[in-house]
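Participant: This is the structure I want to talk about, given as structure tokens.
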Amino acid sequence: QVQLVESGGGLVQAGGSLRLSCAASGRTSSTYAMGWFRQAPGKEREFVAAINWSAVGTYYDYADSLKGRFTISGDNAKNAVYLQMNSLRPEDTAVYYCASAPRWLVRSSREYDYWGQGTQVTVSS
């Protein structure tokens, strides 16, 4: 089992920045990737970014619409992942979730086994 706890959300003005954190504990050895998702009211949960760990390197994946504004990072011990969000827009307002997956290179939320409870990000205009 893996336990995930997000933090760092809050209220920010448009154009501002936030850094989200996700602390992981438990059997993280089974984690091959961790991702960030977000869900706005009335909308489906969408993929934001993922970090994939392997013996040959670390790979990063981003939703096309967010690449360049958002940056995912983490440590090789899989104890924490982060999401740096810059140039925030009101449409970025959502609950942001971190999740862990038992395989690499996945974007679908259905591929992730464990989830945090989410942290609210609100961007005012």
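Participant: Please give the peptides 12-18, 82-88, 56-62 ranked by average Cβ packing (other Cβ atoms within 10 Å per residue), highest first, as a rough proxy for protection.
Facilitator: Working: 12-18: 13.7, 82-88: 18.9, 56-62: 12.1.
Result, highest mean first: 82-88, 12-18, 56-62.
Participant: Return one whole number: the accessible area per residue of the chain in Å², for a 1.4 Å probe.
Facilitator: Values: 6620 Å² over 125 residues.
Solvent-accessible surface per residue comes out at 53 Å².
Participant: For the stretch 98-110, what does the Karplus curve 6.51 cos²θ - 1.76 cosθ + 1.60, with θ = phi - 60°, yield as ³J(HN,Hα) per residue in whole Hz, taken in order and with x for Gly and Pro?
Facilitator: Per residue, the Karplus-derived 3J(HN,Hα) values read 9, 8, 10, 10, x, 8, 8, 6, 10, 10, 6, 4, 5 Hz.
Participant: May I pose another question? For the chain, give the share of DSSP beta bridges that are antiparallel, in percent and rounded to the nearest 5; count only bridges with both residues there.
Facilitator: About 90 percent, rounded to the nearest 5.
Participant: Once amide H atoms are placed 1.01 Å from N in the peptide plane, what residues at a sequence separation of 5 or more from G16, or on another chain, have their amide H within under 5 Å of its amide H?
Facilitator: For G16, the qualifying residues are L88.
Participant: Still on this structure, please answer the following. Take each of the peptides 68-80, 30-42, 91-103, average the number of other beta-carbon atoms within 10 Å over its residues, and list them starting from the highest.
Facilitator: Highest mean packing first, the order is 91-103, 30-42, 68-80.
Participant: Which whole-Hz couplings ³J(HN,Hα) result when phi for each residue of the stretch 58-68 is put into the Karplus expression 6.51 cos²θ - 1.76 cosθ + 1.60, θ = phi - 60°, listed in order with x for Gly and Pro?
Facilitator: Per residue, the Karplus-derived 3J(HN,Hα) values read 10, 10, 10, 9, 9, 4, 4, 6, 10, 4, x Hz.
Participant: Which far-off residues, 5 or more places away or on another chain, put their amide H under 5 Å from the one on Y114, with H placed in the peptide plane?
Facilitator: It is S100, by chain and number.
Participant: Just to confirm a number: summing +1 for Lys and Arg and -1 for Asp and Glu over residues other than D64 whose beta-carbon lies under 13 angstrom from that of D64, what do you get?
Facilitator: Residues close to D64 contribute a combined charge of +1.
Participant: With a 1.4 Å probe and every protein chain kept in, tell me what percent of the accessible surface of the chain is carbon plus sulfur.
Facilitator: 46
The values are calculated or read from the model by the stated rules, or taken from the named source; none is laboratory data. Keep in mind that this is a model prediction, so the values were computed, not measured. Ideal geometry is used to build each Cβ from the backbone, glycine not excepted, and the neighbour counts take in all protein chains shown. Keep in mind that these areas ignore ligands, DNA and RNA; they rest on the heavy atoms of the full protein, side chains included. Shrake-Rupley method; radii C 1.70, N 1.55, O 1.52, S 1.80 Å.
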